[in-house]
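First the structure, in the form of structure tokens, and then the observations on it.
The values are calculated or read from the model by the stated rules, or taken from the named source; none is laboratory data. Predicted, not measured: the structure shown is a model, and the values here were computed from it. Backbone-built Cβ (ideal geometry, glycine too); neighbour counts: all protein chains shown. Heads up: the accessible areas ignore ligands, DNA and RNA and are worked out on the full protein's heavy atoms, side chains in. Shrake-Rupley method; radii C 1.70, N 1.55, O 1.52, S 1.80 Å.
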Amino acid sequence: MPLALRLKEYARELGFDLVGIAAPDHLPHAAFYRDWLAAGFHGQMHYLSTERAVERRSDPRVILPECKAIVVVGVNYWFPSPPHPTSLEERGKGGEGVTGRIARYAWGADYHDVLPRKMSELVAFIESEVGHAVEHRIYTDTGPLLERDLAQRAGLGWIGKNTMLINPRIGSWTLLGEILLDLDLEPDAPFEADRCGSCTRCLDACPTDAILDGRILDARRCISYLTIELKGEMPEDLRSKVGDWVFGCDVCQEVCPWNSKIQTPKSKPQSATLALDELLAMTEEEFRERFGDTPLARPKRRGLMRNAAVVTGNQPAVIGRQSSDVDRQTED
């Protein structure tokens with residue numbers, strides 16, 4: 001059996017739902033990426049726009065000159081939504097019992113810790129098969145790669161109108177990882193088909209109109225950006241549109257028809273919502289203890305408390321909550 005097939009078989013044994021191999025050629029979306037940056041759609045994510053970062057994203061061999069193949073893996077992270085209170089009675093009075101929603105990818109363990117360990121096991125398997133150490137680099141949303149571009153090139157799916165990678169079998173609830181290898185492997189055929197068709201559900205459903213025609217995301221308006229990446233105050237005109245999302249957003253994936261038939265989840269999620277009154281009362285030490293090793297640590301305590309204040313202000317059960325009150329809680 002060729003090495004490419006053996007490593008794919010072992011990757012599935014490790015729990016990866018998708019695995020493919022891409023050539024490390026110059027990426028076709030590099031020019032699109034430069035135009036996206038020039039338009040300012042990346043907002044405050046300045047780490048995306050440095051010349052070094054752009055160069056490395058345009059050509060993986062800038063990262064690893066010896067690179068001959070890139071193994072791209074994907075893990076489905078979908079969980080069914082637990083019951084979420086919507087009525088005033090269920091949410092409580094005066095702010096007590098008010099909860100905020102968390103994007104699905106953050107319901108369990110941090111994938112930045114889980115996926116690299118599995119990919120390291122895959123590298124060890126490859127090295128045992130070839131009988132020597134292999135120069136490599138491992139990334140999972142942790143380095144300068146156009147991940148979805150590589151995944152499409154590796155045959156794992158197409159980039160949908162919501163800018164997410166969509167696989168026809170498991171939809172878009174997918175975390176991606178890449179292994180750059182100094183090893184000749186037969187690349188897979190790219191996924192050429194565009195199966196979004198005339199559907200515009202993701203564009204129509206986005207609360208902040210962040211998804212534009214042409215598969216363009218204006219991150220400055222995206223709820224995930226506003227609640228995770230944005231530093232400082234949230235734009236006042238977007239606060240009400242954030243709704244009850246305290247960390248991230250899943251709306252464009254929830255409405256996607258390709259996500260309507262997802263397989264049974266592998267495990268039970270740890271947490272899908274946060275009690276906002278508890279969050280707003282947390283000390284820095286309590287925050288680190290509870291969220292320090294989870295994705296929710298990304299916006300830091302100040303950012304998550306800002307989100308909690310905004311979401312609390314969006315609840316109809318909180319009578320008389322004014323924007324000035326929200327600003328005051330954020331400053332605290």
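Shown for the chain are the DSSP H helices of 24 Å or more along their axis, judged by Cα atoms, with a mean Kyte-Doolittle hydropathy of at least 0.0: 111-130. Estimated at 0.36 nm per residue, the fully extended path between residue 128 and residue 212 surpasses their Cα-Cα distance by 25.6 nm.
Kirkwood's formula applied to the C-alpha pairs of the range 100-216 gives a hydrodynamic radius of 16.5 angstrom. The portion of the accessible surface of the range 3-57 made up by carbon and sulfur, rounded to a whole percent, is 54 (1.4 Å probe; DNA, RNA and ligands excluded).
Full extension of the chain between residue 288 and residue 38 yields a length gain of 86.4 nm, computed as 0.36 nm times the residue separation minus the alpha carbon distance. When peptides 280-291, 155-166, 51-62 are ranked by their average number of other Cβ atoms within 10 Å per residue, the highest-first order is 155-166, 51-62, 280-291. Using the Cα coordinates of the chain, the gyration tensor eigenvalues translate into equivalent-ellipsoid semi-axes of 37, 21, 20 Å, sorted from longest to shortest. Computed over the range 8-86, the quotient of the alpha carbon radius of gyration and 2.2 N^0.38 Å is 1.53.
Averaged over its residues, the chain has an accessible area of 47 Å² per residue, based on protein heavy atoms and a 1.4 Å probe. Take the cross-link list 8/68; 68/261; 241/300; 161/261; 161/241 and give me the ones stretching past 25 Å between alpha-carbons. Exceeds cut-off: 68/261. Contact order, relative form, for the chain: 24 percent (alpha carbon pairs under 8 Å, 6 or more residues apart, mean separation divided by residue count). Given a 1.4 Å probe and the protein chains as shown, residue 136 ends up with an accessible area of around 60 Å². Between the beta carbons of residue 1 and residue 61, assuming R0 = 30 Å, the FRET efficiency works out to 0.60 to the nearest 0.05.
Calculated FRET efficiency, residue 25 to residue 231, Cβ-Cβ distance, R0 = 35 Å: about 0.45 to the nearest 0.05. Run the accessible area of the range 141-189 with a 1.4 Å probe and give the carbon-and-sulfur part as a rounded percent. Carbon-and-sulfur percentage of accessible area, whole number: 46. Per-atom-type breakdown for the range 191-255 gives carbon and sulfur 49% of the accessible area (1.4 Å probe, protein chains only). Among beta bridges from DSSP that stay inside the chain, the antiparallel ones total about 95%. For residue 205 and residue 13 in one chain, what is 0.36 nm times their gap in residues minus the Cα-Cα distance, to one decimal in nm? Computed gain between residue 205 and residue 13 is 65.4 nm.
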